[in-house]
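The values are calculated or read from the model by the stated rules, or taken from the named source; none is laboratory data. Every value quoted in this text rests on a predicted model; they were computed, and no experiment measured them. Using ideal geometry, Cβ is built from the backbone for each residue, glycine included, and neighbour counts are taken over all protein chains shown.
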C-alpha cells in the first residue's frame, strides 16, 4: 500500500504543480513591471522550492563529455558493452584518435545497489578516467524490469560480478563502493576457490560493510534491532501500474530516501531554507550547486525484495561472511582461498554509515594474501560520501589507489620476483605522513 499511496500523492499534486509553474511563469514574465520587487522574487522562490520538493527526479546522466589527458581534452563515449536484465556494463571509451593507444589498467567500478543510481559515482569516474580503462555497473531500476525477467538476489549480484570480470579478462581490477564490498569479496573468493583462469588482479573496497559488528552505526543497529519479518512487512511494496515491473515486490527507492533524509533532517531543511534565500538574492552559483547535488541525491531506484531482504539477513543480521558461514548456491565462500588478488580497504574517519574497522575486516579474512598486497587506508576528516567523492577523494585517496593498481600490475608482469620493485606497503611506509595518520608494523594505516 505504501507504493500506491506514494503514486496517488504524486498524481494528486500534479495539478498543483502545473498551477504553480504557470503562476511562476507569470511572475517572471520579462514585461511584468513587478517581477523585480522583493515580494515577486519571494513568491517566485517559493514556487521554485515547491517544485523542487514535489517533483519526481528521473535517472540522471553521467554527462561526462571529455577528460583532460596530457593537456588535451579527450572526448568520452559511453558504451554499453554487456546487457543484463538488472544491470548494464557501461564502458567509458576514451577517443583513441586523440588519446592514442594506451595500456591503462582495466577497472571494474561496482556501484552500490542501495537506492541511488550509479551516477552517484560520477566524481569517482571523472577522477579515474584519465589514467584507467574504466567500466561501471549501471544498475537498472527494479520497477522497470518486467516480471518475466525473473528475480534478482544477492547470489545473482555475485554472479553478475563474476560474469563481468570474465568478460573483461585478465588483469581486471575491481573497486567496490559501499554495499558491493560484500558481494565483490565473495565473488573474488569463489573465483579463487575454483582456481579460475581469470581472477581479479586487485580488489579495492571503499566504505563497505564487511563486518558491521565493528563500531556499529545507527544503520547497523536498526538492522539488528528489528527481525527480518519487520522489514518484509513494513518496507516492501508491490510495483503498481503503469511501470514495466508492475506486480514485482520491491524495496521502494522513496523509502530508502526517507531514511537518508531523516538521518540528517536538520541539514536538509537548512539547505532548502538557504535555497529560498539564495533564489530571492539571485545567487545563481549557490542555487546551481544546490540543484546539482539534489538532482542526484533525490533520484532513487527500487531494489527487488529478495535482494534487499537477503542482504539485510546475510550482511547486517547474521554476519555470515566474517563468520565464514556464507554460502553461494551451495558453495562456501572462503576468503582464505584468495591468493592472487591484492586486497585494499579504504575507510572514512567520520563515516556514519560504515563504521571504522568494518571494511578493514576483509584483510583479516584474506589470510593467504601476501602481506605486501594488503593495504588499509583511513582518510581523515571525511564521512561516507567523502571516501569516493570530493576533494579528498581526488587528491588523497584516488592517487593511492592508482599507485596500488599499477604496482600490482607491475608485479604480475614480472612474476612478483623482482626485488628492485618496492612492495605497495613499503612504498606506503616511505610516504610522508601529510594526513596525520600513521602506519603500524603490518603496514596498515591507523590513527
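Among (1) assigned to a helix (DSSP H, G or I); (2) within 30 Å of residue 363 (Cβ to Cβ); (3) touching a helix residue (DSSP H, G or I) at 6+ places or on another chain (Cβ under 9 Å), where does residue 271 come up short?
(2)
Look through 90, 82 and report the one residue that is in contact with a strand residue (DSSP E or B) (Cβ under 7 Å, 6 or more places away or on another chain), over 23 Å from residue 388 (Cα atoms), in contact (Cβ under 8 Å) with a residue 40 or more places away in the chain and not in a helix (DSSP H, G or I).
82
Give the residue, chosen from 2, 28, 32, that is more than 24 Å from residue 271 (Cα to Cα) and free of Cβ contacts under 8 Å to residues at least 24 places away in the same chain.
From the options 2, 28, 32, the qualifying one is 32.
Let's see how each residue does on (1) assigned to a strand (DSSP E or B); (2) out of contact with any strand residue (DSSP E or B) (no Cβ under 9 Å at 6 or more places or on another chain); (3) at pLDDT 95 or above:
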{"position": "353", "(1), (2), (3)": "no, yes, no"}
{"position": "358", "(1), (2), (3)": "no, no, yes"}
{"position": "381", "(1), (2), (3)": "no, no, no"}
{"position": "402", "(1), (2), (3)": "no, yes, no"}
{"position": "408", "(1), (2), (3)": "no, no, no"}
{"position": "427", "(1), (2), (3)": "no, yes, no"}
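Tell me the helices (runs of 4 or more DSSP H) entirely within the range 141-230 that contain at least 2 residues that are out of contact with any strand residue (DSSP E or B) (no Cβ under 9 Å at 6 or more places or on another chain) and modelled with pLDDT under 95.
Output list reads 218-225.
Let me confirm something: among 32, 88, 52, which residue is farther than 30 Å from residue 166 by Cα and within 25 Å of the chain's Cα centre (by Cα)?
52
With respect to residue 274, is the statement that it is free of Cβ contacts under 8 Å to residues at least 12 places away in the same chain, more than 28 Å from residue 141 (Cβ to Cβ), outside the structural domain of residue 153 (by TED's automatic domain parsing) and surrounded by fewer than 17 Cβ atoms within 10 Å (Cβ to Cβ) true?
It is false that residue 274 is free of Cβ contacts under 8 Å to residues at least 12 places away in the same chain, more than 28 Å from residue 141 (Cβ to Cβ), outside the structural domain of residue 153 (by TED's automatic domain parsing) and surrounded by fewer than 17 Cβ atoms within 10 Å (Cβ to Cβ).
Any residue in the range 175-188 that is crowded, with 24+ Cβ neighbours inside 10 Å and at positive phi?
Scanning the range 175-188 turns up at least one residue that is crowded, with 24+ Cβ neighbours inside 10 Å and at positive phi.
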